Amino acid sequence: MALTITSSSYNGEHAGAYLNAALRTADSLEYMTIRENVNHKEVLNNVASADLVKDQTCAFNENSATLTLTERVLEVEPFQINIDLCKTTMLADWTHNNQNDFVAYAMTFLADSIADSVEFSIWQGSTGTSGQFDGISATGMTTDASTGIGAAGEYAASNVIGEMGNLLAAIPATVYRKEDLYIYMSAKTYRFYISAISALSAFPFNHMGQYTPEFEGVKIAVCQGVEDDVMYCGTKSNLFFGTSLSSDLTSIKVLDMSNLDGSENIRCVATWTAGVQTGVAADFTKQS
């Protein structure tokens, strides 16, 4: 990818700032369990028991109780960004005195772009699409019959509270009241929720100070990557994001190519790994 500058007719001072459209950023990572040293795959062990507690006897019978281990696999995939920034193009533009500023901006933009990509893939990604990994909506995560419920239709301020009530009613009783339980929703859905509670005379949201987003005692996680008209409910400790921060698979570099190949290019290279998985699928509920 080469650097392209358009509409560059202004001859005055550069403002020293580079702007880009708002990115999602990986807000979801705040509400997930992060595994930082996953180089390829990591096994998540689920333990289930039966008949462990019994009345006391003088005998020992190891077959009277069972302990079962099942596995969920957290797999990360490698990704990259490779771009060339042409010094010649920059020198022809009125920003030539701010080349270092632009490179610094490019580095920040790369990091933001990675976060943007990760945030989308966490919820909606498909490994069959270049630049994405299988997200929470992928087969085997929230598609079990016990984890999916239907919504009455598209969310709106008039029905979102009822739909959130239906979602909470569908989660397992063993999950309800967990300290790290969250309702995961998009910014659009959250906007409907704020509009709904603001309209309630008993809840004057507009006149409140600091507000912690929650519904019926369950915290709300507003995640930009969640689909509109979809909500999830589950615990942070049951939702895993994997990456490989400690290995050579993750890096962002800026290379001045003039001393290497004689070109006037500045090459920006980013590599990283990412993947997501639920621990116990039945404890993570989706509404759509």
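A compact table of results
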item: The range 227-269: radius of gyration over Cα atoms, expressed as a fraction of 2.2 N^0.38 Å; result: 2.18
item: Charge sum, other residues only, whose C-beta stays under 10 Å from D180's C-beta, Lys/Arg counted +1 and Asp/Glu -1; result: +2
item: Of K178/K286; K41/K286; K178/K219; K178/K236; K41/K219, pairs whose Cα-Cα distance is over 20 Å; result: K41/K286; K41/K219
item: List T278, T271, T174, ordered by accessible area with a 1.4 Å probe, largest first; result: T174, T271, T278
item: Rounded to the nearest 10 Å², the accessible area of E30 at probe 1.4 Å; result: 120 Å²
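The values are calculated or read from the model by the stated rules, or taken from the named source; none is laboratory data. Quick caveat: nothing in here was measured; it's all calculated off a predicted structure. Here the Cβ is made from the backbone with ideal geometry for all residues, glycine too, and neighbour counts use every protein chain on show. Only protein heavy atoms, including side chains, enter the accessible area calculation; ligands, DNA and RNA are left aside. Shrake-Rupley method; radii C 1.70, N 1.55, O 1.52, S 1.80 Å.
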